[in-house]
Structure formats: structure tokens, C-alpha cells
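Novice: The structure under discussion is supplied below as C-alpha cells; questions concerning it will follow.
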Amino acid sequence: MLFRVLGPVEIDGTDAVSYIRADKPRALLALLLVKANTWVGVGEIIDTVWSGRTPPVSAERNIGTYIWQLRRALPPLGADGQRIESRSKAYRIRVETGELDSDRMRTLLTAGDDALAARDSAGALKHLEAAQSLWRGTPYEGLVTDRYQPEVARLTELHWSVRERLADALIGTGRFADAIALGKSLTTEDPLRETNWVRLLVAYRDAGRRADALATYQKARSALVDELGAEPGPELRALQQQLLSDVPDEPAPGPSESYVRAVVDASAALVGPHAAAAREWFVSRRTELPTAISRLLAANDIANAWLLTSAVHQYIESGGDVPGWAPVVSDVVAATRAGKDWYGELIVRNILGIAQTRAGRLHDARAEFSAALRIASVHDDRDAEGTVLVNLALAEASGGARQQAAEYLRRALRLLPDSATAAEARQALADLGEPEHPARSSVAS
């Protein structure tokens with residue numbers, strides 16, 4: 001006998017799985033299982049079964065009927081044969097060790113953890129895939145009373161642990177495509193769990209996909225800075241430094257890692273208490289920055305080249321100026337494209353589009369933004385797509401195409417309804433005097 005509670009509550013017998021179709025008996029069974037082996041008063045049962053509704057006068061008698069229906073669906077247990085026991089004004093269900101699928105998931109997770117600790121990734125994978133197969137959706141689905149949500153949250157967190165350790169086992173057994181797919185799912189669902197960004201970077205790195213790993217680091221950093229106002233932790237930063245250092249044989253030396261790091265750190269400081277000092281730092285070095293980027297390109301260090309380009313762009317966005325900027329960015333675009341570094345190409349095409357807009361070359365700006373949008377769409381990067389749409393809208397607005405600009409801004413809002421980018425899009429719409437949701441035209445009858 002196995003009670004399945006990791007989704008809709010079901011009874012998994014020896015021959016088949018029984019789903020309790022009627023809402024009230026199913027809610028009753030769910031409640032008894034949440035409080036397995038514990039007496040549950042009739043009053044609590046009524047409050048749960050008729051949650052949010054006024055129970056009928058016959059509620060207590062109805063509960064007795066539902067108990068009778070459940071007993072018929074359950075095979076006997078023990079010498080007395082009673083699976084659901086009763087006493088005055090209370091009931092309890094008897095559940096033995098291992099009969100709940102949630103208990104089995106916990107046991108399998110422990111076994112998987114032990115195998116990983118023993119460096120047995122293949123053994124861990126077997127246990128963790130079995131644990132993952134038990135998950136079917138929201139635990140105790142249908143038991144909606146707020147009183148029991150902590151138990152639902154506890155089991156949801158248990159499922160997170162299973163998936164995280166499963167990602168470790170997939171990496172350990174060389175199943176990188178599966179590890180990457182799982183890592184992307186985890187980081188999308190909760191972008192603030194930094195350990196899962198680490199797992200995704202490691203999967204990309206071990207799969208030999210260095211450019212994707214570096215692109216993922218930038219996404220992780222953006223999420224953490226935007227939502228928490230904090231830079232990535234030491235493990236994530238160490239992985240990025242390892243990836244930046246792991247370059248092919250260089251035909252010519254480029255700027256040192258410490259130089260690139262200094263520029264990136266200075267760009268991060270442009271917003272905050274040390275902004276004035278950071279701008280002064282850039283002013284003193286602004287003429288050398290294009291040369292540094294060109295040297296990185298000559299050394300075929302494309303990842304550091306676009307990382308440095310992005311950092312310098314932040315300085316320009318803060319009001320700074322760098323001589324000969326657009327041609328340098330064009331060179332980086334060409335290098336990222338040739339090196340098949342899609343994320344780097346997306347970033348620098350967006351930067352080049354902004355530079356072209358400021359120079360009044362709107363045709364060229366549209367071309368860069370359109371190319372960046374295609375890349376973002378192919379790789380399903382909604383954040384990047386929304387950001388590029390806002391920049392494209394600003395370019396159109398600068399050329400007087402107000403309606404087109406407004407449409408791009410509305411598209412950005414549909415992609416990212418609640419984000420810093422959305423706030424920027426709403427402000428741009430307000431500046432244009434355009435509504436976020438234009439009224440539908442009506443035809444008089």
C-alpha cells in the first residue's frame with residue numbers, strides 16, 4: 001500500500017491506482033494523511049472539508065458517510081483490519097513506515113546524498129531519478145486550507161533538494177545536456193538560489209560550452225544585483241575567473257585578468273556611494289580602454305573583450321565619453337559572431353545600437369537592435385528581448401516615430417510585466433504621452 005500525496009491524493013494499491021474523484025472525500029483523506037497516525041477532531045474535519053463555505057446541518061453525518069466510502073476503498077491493516085479508526089468525535093488513519101510517497105522521496109534523497117558523498121554518481125543518479133519520478137505536482141492538491149500550507153511548503157522544498165542533487169548526479173555521470181536543461185529550469189523558477197547558478201555554470205563548463213557558461217554568469221549577476229543589490233558570492237565569482245582564464249593559446253598578450261576585473265568593478269561602483277570616485281577612475285583611463293579591448297580581440301580573448309565592452313558601456317551610460325567608441329564595438333560584434341558567442345553578440349549588438357542611436361544613425365541602430373532581438377528570441381531570453389525592445393523604442397522615439405516606439409514598449413511590458421525594465425518602459429510610455437493599454441476602437445451601431 002502506498003499513499004500518493006506528491007500531487008493529487010491517490011491510493012496506490014497492488015493492482016491499480018485509485019483516484020478519489022469526489023472533492024469532499026478527497027479533502028478528508030488528504031487531511032487525515034497530513035496528520036497521519038494522529039486523531040483529528042470532527043470540527044477540524046468539517047472546517048477543512050467545507051473550507052470557505054458554510055457547512056450543512058448534516059455535515060457531521062456526511063463525514064461519517066465519507067469515512068465509510070474511504071474504508072471501502074482501502075484494504076485492511078493489522079489484526080483488526082481497521083485502516084481508519086474512529087472514536088467519539090474524531091478519526092485517524094494508520095500509516096506505516098514507507099507507505100507515503102513523500103517518505104519514500106525523503107529516503108531516496110538520503111540515499112542519493114550518501115552516494116554523492118561516496119563519489120558514486122551513477123548510484124546517486126538511480127536513487128534521485130526514482131525520487132524525482134514520485135513528484136506529480138502540488139502536494140496534497142485540493143487541500144486548500146491555509147492551516148496546512150507549511151506541510152505543502154516543506155514537501156516543495158524537499159522536491160527542490162531532490163532536483164538540485166539530481167543535477168549534481170547528472171553532471172557527475174557526464175549527462176551534461178540533461179544537467180543543463182534541469183539547471184535552466186531551476187534558475188528560471190528561482191533566480192536568487194545562487195547554488196543553482198553554480199550548477200548550471202559547471203554543467204556548461206564541463207560540456208565544453210565556455211561562452212554559454214560566461215553568458216550564464218552575466219545573467220546570474222544581473223538577477224542578484226537587480227533583486228538583492230548584492231554581487232555574486234565567492235563560488236560563482238571563482239567559476240567566472242576560471243572560465244575567463246581558460247582560453248586557447250593566445251597569439252598575442254592582452255590586458256591582464258586583474259585589469260579586466262578592475263574595469264568591471266569600477267563599472268559596478270558607478271551606482272552607489274563611490275560613484276564619483278568610479279567616474280574619476282574612468283576619466284583617467286578612458287583613452288586607453290578602446291586599445292585594451294582591441295588587444296583582447298587580437299589575443300582571441302572574445303569573452304573578456306565583450307565583458308570589458310559592457311563595463312565601458314556602463315561608464316558611457318553614466319554620462320561618460322570614450323573616443324572612437326562605435327568602431328570598437330563594431331569590431332567586438334564581428335568577433336563574437338565569428339566565435340559563435342551568442343550571448344556576447346547579443347550584449348554588444350545592443351550596446352552598438354545605443355551608440356548608433358546617439359550618433360543619429362537610426363537606420364544602423366535599428367539593424368543592430370533587430371539582430372539582437374533575433375538572437376534573444378532564438379535563445380528564449382525574455383529579459384534580453386525586453387531590454388532590447390526598450391532601447392529600440394527609444395531609438396524610434398528619437399526619430400519621431402512615436403506610435404512605433406509605443407508599440408515596442410508595450411511588447412516589452414508583455415514580456416516582462418514586473419521588472420526594472422518594465423518600470424523603464426512605463427516611464428518611456430508616459431514621456432511619450434501614450435497609454436500602456438490603448439482603448440479598443442468601437443463602431444457605432
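Nothing in this text is a laboratory measurement; each read-out follows from the coordinates by a stated rule. Since the structure is predicted, the reported quantities are computational estimates derived from the model, not experimental observations. Heads up, the Cβs are rebuilt from the backbone with ideal geometry, glycines too, and the neighbour counts pull from every protein chain shown.
Novice: Working out 0.36 nm times the residue gap between W39 and E231, then minus their Cα-Cα distance, what length gain in nm do you get to one decimal?
Specialist: My answer for the length gained is 64.1 nm.
Novice: Still on this model: Using 7 Å Cα-to-Cβ label points, what is the A122/A268 separation (nm, one decimal)?
Specialist: In this crude spin-label approximation the distance works out to 4.1 nm.
Novice: Treating cross-link reach as a plain straight distance, find the aspartates and glutamates whose alpha-carbon is under 19 Å from the alpha-carbon of K89, omitting any fewer than eight places away in the same chain.
Specialist: E44, D47, E60
Novice: Subtracting the Cα-Cα distance from 0.36 nm times the residue separation, let me have the gained length for S222 to V283 in nm, one decimal.
Specialist: Gain on extension, S222 to V283, equals 19.5 nm.
Novice: Something else about it: Over the Cα atoms of the chain, Rg to Rh with Kirkwood Rh, two decimal places?
Specialist: 1.11
Novice: Okay, moving on. Spin-label point model (7 Å from Cα, Cβ direction): what's the R147 to K340 distance in nm?
Specialist: 6.0
Novice: Helix 23-34 sits at what angle to the longest principal axis of the chain, using alpha carbons and giving 0 to 90 degrees rounded to 10?
Specialist: 80
Novice: Please identify, among P76, P290, P323, the residue showing maximal mean-square fluctuation in a Gaussian network model of the chain using a 10 angstrom Cα cutoff.
Specialist: It is P76.
Novice: Same structure again: Taking neighbour Cβ counts within 10 Å as the exposure measure, how do S318, S267 sort from fewest upward?
Specialist: S318, S267
Novice: Using packing as a proxy for protection, rank 343-351, 208-216, 225-233 so that the peptide with the highest average count of other Cβ atoms within 10 Å comes first.
Specialist: Highest mean packing first, the order is 343-351, 208-216, 225-233.
Novice: Given R₀ = 56 Å, what would the calculated FRET efficiency be for Q403 paired with T110, taking r from the Cβ atoms and rounding to 0.05?
Specialist: Computed FRET efficiency for Q403 and T110 comes out at 0.40.
Novice: When the dipole is taken about the Cα centre of the chain, and only Lys, Arg (+1) and Asp, Glu (-1) are charged at their Cβ, what size is it in debye, to the nearest 20?
Specialist: 1180
Novice: Ranked from highest to lowest mean number of other Cβ atoms within 10 Å per residue, what is the order of the peptides 3-9, 428-434?
Specialist: Working: 3-9: 21.4, 428-434: 14.3.
Descending mean neighbour count gives 3-9, 428-434.
Novice: Hull surface divided by four, with the convex hull built on the Cα atoms of the stretch 341-436: how many nm²?
Specialist: 5.4
Novice: Can you give the FRET efficiency for E99 and T54, using 1/(1 + (r/R0)^6), R0 = 51 Å, r = Cβ-Cβ distance, to the nearest 0.05?
Specialist: Once the sixth-power term is evaluated, E becomes 0.90.
Novice: More than 19 angstrom separation, counting every C-alpha pair in the stretch 187-296; what % is that?
Specialist: 53
Novice: What's the FRET efficiency of S133 with R426 using the Cβ-Cβ distance as r and R₀ = 35 Å, to the nearest 0.05?
Specialist: 0.20
Novice: Then there's this: Could you pull the Cα extents of the stretch 258-326 along its three principal axes, largest to smallest, in whole Å?
Specialist: 36, 22, 17
Novice: How much length would be gained if the chain were fully extended between W68 and S256, taking 0.36 nm per residue of separation minus their Cα-Cα distance, in nm to one decimal?
Specialist: Numbers: separation 188, 0.36 × 188 = 67.68 nm, distance 7.62 nm.
Extending this stretch completely gives an extra 60.1 nm.
Novice: Give me D for the stretch 103-159 in µm² s⁻¹, whole number, from Stokes-Einstein with Rh from the Kirkwood sum over alpha-carbon pairs, 20 °C and 1.002 mPa s.
Specialist: Diffusion coefficient, whole number: 174 µm²/s.
Novice: Send over the Kirkwood Rh of the stretch 2-93, from the inverse of the averaged 1/r over different Cα pairs, rounded to one decimal Å.
Specialist: Every distinct Cα pair counted, the radius reaches 13.6 Å.
Novice: Can you tell me the order of 23-29, 91-97 when each peptide is scored by its average per-residue count of other Cβ atoms within 10 angstrom, highest first?
Specialist: Per-residue mean Cβ counts within 10 Å order the peptides as 23-29, 91-97.
Novice: Just tell me which lysines come within less than 29 Å, Cα to Cα, of K340; anything on the same chain fewer than 8 places away is out.
Specialist: Answer for K340, where 29 Å is the Cα cut-off: K184, K219, listed by chain and number.
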